[in-house]
Structures are given as C-alpha cells and as structure tokens.
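Okay, structure first, notes after.
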Amino acid sequence: MAKVIKTAVLLLLCGTSDLQAQFLTQMMDTSTSVGRGILQMYWKFNRIYFTGYLQPQFQFAQEKGAQSWNGGNFAPEVNNRFMLRRGRVRLDYVHMNNNDEISIYFVFQFNGTERGVVIRDFWGRVFENEWQVFNLTTGMFARPFGYEVNLSSGDRESPERGRMSQILMRNERDLGAMVSFEPRRKDHPLRNLKVDAGFFNGQGLTAPGEYDSYKDFITRVAWRPYPISKHLLISGGLSYLNGGLFQNTKYTYRMANGANGKQFTIDSADDNIGRKAPRYYYGADMQLKLKYKNGGATELRLEYWRGTQTASAGTSETPTALLNEPYFVRKFDGAFIYLLQRFNTHHQAGIKYDWYDPNTDVKGSEIGENNNNLNATDIKYSTVAVGYNYIINENVRLMLWYDLIKNESTSLTDYTGDLKDNIFTARLQFKF
C-alpha cells in the first residue's frame, strides 16, 4: 500500500493529464477509504494552480524628493532607489460539474513588498450552465471600468498605469458583487460581447471598510478582439460609474465665477448634511492590433474618461473615510494612449501618453490667480513615457522606461513652471 501511495503522490506532482488520471484510477483500489481519499485529492488538486510574479526595480528621479505616481514619492533627500514594486502570489481553483462544465471559480492573490503584505484578489465566481452566458462574481476584485484598470500589472507593457487610473481607481479593486453576460459557446451569435454590471462599496482597498450606505454602480459593455482581416484585430468598450458620498458637513464648494474670477464658491445650506455628493464617470476605449508572421505586432490603444468627482480641497482622490471638512466637486477628464511595436518574440518598444485634468473648469494661470481658492489639486498633468522591453524568455522580462512629466504653469508660487519630476525605471520582472 505504501508503494501505491508513493506512486500516486508522484503522479500528482508530475502532471494532471487525462492519461495520468486514468492510470491512477486503474492502479488504485478505490473500494478502500485510503484509495478513495487519494483519488479525491488528485481531482481537487488537478484544478488548482499557482502563479505569481516579482518586480524588483531601480529608479532615478530628476531631483531629490520628487513627487511621483510611479512607485510613490521619493524621500526628501533621495533621487534614486531600489525597490520591490510588486510581489504577487495567486491561487486559482476551478470546479467542474458532472458534464465537465465550469461551475465555480475562485481566486486568492496576495501582494508582498518591503513595506508589507496585503491582499489583492479574494473573489469567487459562479457560472450558470443552462444557457452558458451568465456568471456572478463577488468578493474583492477589479472594478469593471475601462481597459487599463483591468490590465494586469504582470501583463502591462509600461511599468505603471496612468495618473488618472491611480487617483480615481486607487489599487483598482473594490468589494462588491457583479453579474456578467459572457457567452461561452463558440457558436453563440454574441460570443464576442461581454457585459459586466455590479455594485461596489466605493472606497476599494484604500479604506478599512465601508463608511456610508451609498454604493458605486459600475458597468462596462465590451466587444472582445474581433478580426477585421486575417492579421488585424479590433476591440473596445464603454464604461459608466454612478456613485456618491454621504455629505457629512453642510459645506460644499463648486466652480463658478466669483469676485476673483473662476473659483470655488460655497454652498452652506443646512440641508446639505445627509445628501449624496456626486461621483459620475464615463469612459470609452478602443484597441487595434496588427499581427505579423514573425511573432511581432503593432498595437494602438485609446482610452478617454470624463465625469464629476467629489473629494476634498487637498486631493481629488475618493476619500478613505467620511470627511469632516468641506466637500469639493470638480469636473475632470483624462486619457491613456499606447503605441506598442513588438518586433519579434523578444524585442518591444513603446510610447505612452496620458493626461489627467482634475478640474476642467480652469486652465494654467487661472489657478491661484488673484489669490483665488484654487490650489495644486486642480493642476493638469500629462506624461509621455518611452520604453523598451526585452522579453528574455516566457518567465523573465527587462523593462527600461523614461517618464517625461509635465504640469501646467500656474499662478501658484511653487507651480509657476514645470516641476523637475521625470523618472527613469529599470525593472526585471520574473513570473511563474
């Protein structure tokens, strides 16, 4: 019996093919509890797999103490650093029903760096198999808004997402529940269509828990890659977020024409307390990919967001707790544009342009003009990133990218010109 158990364990470690499963069943006495237990272990672990990636990197900033969304701000006396940007370990489990159709899928993912270990994904998904078009996802998972937010950090060609993604969708994930329309039959007439719609707490991983009763409704309608010709693929989507914050004070500032020109004007009506402060986002994205016979490809990605965001005076980020200070309502817009050229299976170059304007009602010198109440939070930033990726093999990739970051010149004392905050990043990415 010991020999049988040893052989079974070796089979578990060596692979999960149907031939191994058949051999295991034939050579094991399943009439005994030990035999049945080993067989059950086989079928369970046949549907579990581990993946992960590691991103050690070196960065050099244009000056000491640079403020950055590319891995976080530099310390006051630092202009270069080694850091572990991400270290992910992920476990996936899938359960098949008696007809070998997927019925349950769940994921655990952790992120570890020199600053600690936190969760990233903890979600489960249930599939219906009568029509094979619907599934339900609940737990902690990526918000279904836009293309860049849902592109994994392990697959993305540039080191970081754009500034707008990082501010408005901090950490990408949130707690919620989502229903998806996603046909799984190859002969379904809408097999390229994917529709996600769900409700989420709204604060994501930036807050320890839900702090009001309002939920974000988020939906995305996407058309998955469709062949226009033999080598050209097109895909795209439309996204919408309808959310809000509990108004914890009676003070709300909105943009208007005041005594000092364009500025925030206050609404301090007593019945503001308890109202829903607005958060509305609209997004559109499109991807074009031209593939070549040698394994190369040219890819163009376009994505644009606009909407209304409620936050505080000092940041346009969604608050991590109920505000005990005035609420500031701003209209925003921004975009992400990628042009990627993969020459063959090993070499890829790219250029990426993104901008984020947190307050589209004002421009440049209007910010801080005549001592109005606008501040650095209202400044538009744009970034041109150029880079090269060397795909050493399927498990290792070298990334060399330089970010040229441009801010508006304003009437604010510290922002009359462009800040010296350009960043060079050299990263080795390992994955398994």
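The values are calculated or read from the model by the stated rules, or taken from the named source; none is laboratory data. Everything numeric here is computed off the predicted structure, so don't read it as measured data. All Cβ positions, glycine included, derive from the backbone under ideal geometry; neighbour counts span all protein chains shown. Remember, those area values only see protein heavy atoms, side chains included, never the ligands or the DNA or RNA. Shrake-Rupley method; radii C 1.70, N 1.55, O 1.52, S 1.80 Å.
Per the Kirkwood treatment, what hydrodynamic radius in Å, one decimal, follows for segment 78-167 from the mean inverse distance over all distinct Cα pairs? Present the calculation step by step, with values, prior to reporting the outcome.
On the way: mean 1/r = 0.0635 Å⁻¹.
Hydrodynamic radius (Kirkwood, Cα only) of segment 78-167 equals 15.7 Å.
At 20 °C and 1.002 mPa s, grab the translational diffusion coefficient of segment 196-255 from Stokes-Einstein with a Kirkwood Rh over Cα pairs, rounded to a whole number in µm² per second.
The diffusion coefficient I find is 144 µm²/s.
Round to a whole number: what % of the accessible area of the chain belongs to carbon and sulfur, probe 1.4 Å?
So the carbon and sulfur contribution to the accessible surface is 59 percent.
What list of ³J(HN,Hα) values in whole Hz, one per residue of segment 119-129 in order, does the Karplus curve 6.51 cos²θ - 1.76 cosθ + 1.60 (θ = phi - 60°) give from phi, with Gly and Pro shown as x?
7, 10, 10, 9, 9, x, 9, 10, 10, 8, 10
Pick out, in residue order, every one of the chymotrypsin sites (Phe, Trp or Tyr not before Pro) in segment 125-219 that is DSSP loop and has at most 13 other C-beta atoms within 10 Å; say none if there are none.
In loop regions of segment 125-219 (DSSP not H, G, I, E or B), the sparsely surrounded chymotrypsin sites (Phe, Trp or Tyr not before Pro) are TRP131.
Assuming R0 = 25 Å, can you tell me the calculated FRET efficiency for the pair ASN99 and PHE181, based on Cβ-Cβ distance, to the nearest 0.05? Write down the numbers at each step before the final one.
Values: r = 21 Å, r/R0 = 0.85.
According to the calculation, E is roughly 0.70.
Filter the chymotrypsin sites (Phe, Trp or Tyr not before Pro) in segment 238-297 to those in DSSP coil with at most 14 other Cβ atoms within 10 Å of their Cβ, and list the result.
On the way: sites: TYR240, PHE246, TYR251, TYR253, PHE264, TYR280, TYR281, TYR282, TYR292; in loops: TYR251, TYR292.
Filter output for segment 238-297: TYR292.
For segment 51-110, what is the convex hull volume of the alpha-carbon atoms per residue, in Å³?
Per-residue hull volume (Cα only) is 93 Å³.
Per residue, how much accessible area does segment 261-394 have with a 1.4 Å probe, in Å²?
45 Å²
Straight-line reach only, C-alpha to C-alpha below 26 angstrom: list the lysines that LYS262 could link to, leaving out same-chain residues fewer than 8 apart.
Result set, ordered by chain and number: LYS250, LYS276, LYS331, LYS363, LYS380, LYS406.
For the chain, find the longest principal axis of its Cα atoms and tell me its angle to the long axis of helix 2-14, 0 to 90°, nearest 10.
On a 0 to 90 degree scale, this one is about 40.
To the nearest 0.05, what FRET efficiency results for GLU128 and SER312 with a Förster distance of 41 Å applied to their C-beta separation?
Here the calculated transfer efficiency is 0.45.
Please give, to one decimal in nm, the separation of the simple spin-label points placed at ALA75 and LEU288, each 7 Å out from Cα toward the Cβ.
Reported label-point gap for ALA75 and LEU288 is 4.7 nm.
Exposed loop sites here are trypsin sites (Lys or Arg not before Pro) in DSSP loop states with at most 11 other C-beta atoms within 10 Å. What is the longest stretch of the chain lacking them? Don't skip to the answer; put the middle values down first.
Numbers: sites that count: ARG115, ARG185, LYS186, LYS230, LYS293.
Excluding the exposed sites themselves, the longest stretch runs over 294-432.
In nm, what is the difference between 0.36 nm times the number of residues separating ALA321 and ALA349 and their Cα-Cα distance?
6.0 nm
With labels modelled as points extended 7 Å from the Cα through the Cβ direction, what inter-label distance (nm, one decimal) is found for ASP271 paired with THR416?
If labels sit at ASP271 and THR416, their model points lie 4.7 nm apart.
Not counting the cut sites, what is the longest span of the chain without GluC sites (Glu not before Pro) that DSSP labels loop and that have at most 14 other Cβ atoms within 10 Å?
Here the longest segment lacking exposed loop sites spans 211-393.
Dividing the convex hull volume of the Cα atoms of segment 170-303 by its residue count, what figure in Å³ per residue is obtained? Mind showing how you got there, number by number?
Numbers: hull volume 25.4 nm³, N = 134.
Taking only Cα atoms, segment 170-303 has a hull volume of 190 Å³ per residue.
Placing unit charges on C-beta atoms (Lys and Arg positive, Asp and Glu negative, everything else neutral), compute the dipole magnitude of the chain about its Cα centre in debye, rounded to 20.
Dipole magnitude for the chain comes out near 1320 debye.
Can you tell me what the convex hull of the Cα atoms of segment 266-400 projects to on average, as an area in nm²?
Details: hull surface 46.6 nm².
That works out to 11.6 nm².
I want to verify a result. In a Gaussian network model of the chain, Cα cutoff 10 Å, which of these has the top mean-square fluctuation: ASP100, ASP361, ASP418?
ASP100
Let me understand segment 122-247 better: what is its radius of gyration from the alpha carbons, and its Dmax, in angstrom?
When restricted to Cα atoms, segment 122-247 yields Rg and Dmax of 16.0, 54 Å.
Could you state the accessible area per residue of segment 113-160 in Å², with a 1.4 Å probe and every protein chain left in place?
Details: 2010 Å² over 48 residues.
Heavy-atom SASA per residue in segment 113-160 reads 42 Å².
How far, in nm, would the chain grow between HIS188 and ASP92 when pulled straight, counting 0.36 nm per residue and subtracting the alpha carbon separation?
Computed gain between HIS188 and ASP92 is 31.9 nm.
If amide hydrogens are placed 1.01 Å from N in the peptide plane, which non-local residues have theirs closer than 5 Å to the one on LEU323?
Long-range HN contacts for LEU323: ASN248.
With a cut-off of 8 Å between alpha carbons and a minimum separation of six or more residues, what is the relative contact order of the chain in percent?
Details: 1059 pairs, mean separation 50.4, N = 432.
That works out to 12 percent.
Would you work out which of TYR381, ILE104, GLN166 lies farthest towards the positive end of the dipole of the chain, given +1 charges on the beta-carbon of Lys and Arg and -1 on that of Asp and Glu, about the Cα centre?
Going by the charge dipole, the pick is ILE104.
Just want the answer: with Cβ charges of +1 for Lys and Arg and -1 for Asp and Glu, which residue in TYR53, ALA277, GLY209 is farthest toward the dipole's positive end in the chain?
TYR53
What is the sum of charges around ASN248, taking Lys and Arg as +1, Asp and Glu as -1, for the other residues whose C-beta is under 14 Å from the C-beta of ASN248?
-1
On the Cα set of segment 331-425, report Rg and Dmax in Å, please.
Final numbers for Rg and Dmax: 17.6, 58 Å.
Can you list the equivalent-ellipsoid semi-axes of the chain, largest first and in whole Å, using the square root of 5 times each Cα gyration tensor eigenvalue?
44, 27, 22
Suppose the chain between LEU300 and SER213 were pulled fully straight at 0.36 nm per residue; how much longer would it get relative to their current alpha carbon spacing?
Contour length minus the Cα-Cα distance gives 27.3 nm.
Convex hull volume of the Cα atoms in segment 240-303, per residue, in Å³?
Values: hull volume 9.0 nm³, N = 64.
Value for segment 240-303: 140 Å³ per residue.
Given labels modelled 7 Å from the Cα in the Cβ direction, how far is it in nm from ASN373 to SER409?
Spacing of the two 7 Å Cα→Cβ label points: 2.9 nm.
Whole-Hz Karplus ³J(HN,Hα) for segment 133-144, in order, using 6.51 cos²θ - 1.76 cosθ + 1.60 and θ = phi - 60°, x for Gly and Pro?
10, 10, 8, 10, 10, 8, x, 9, 8, 5, 5, x
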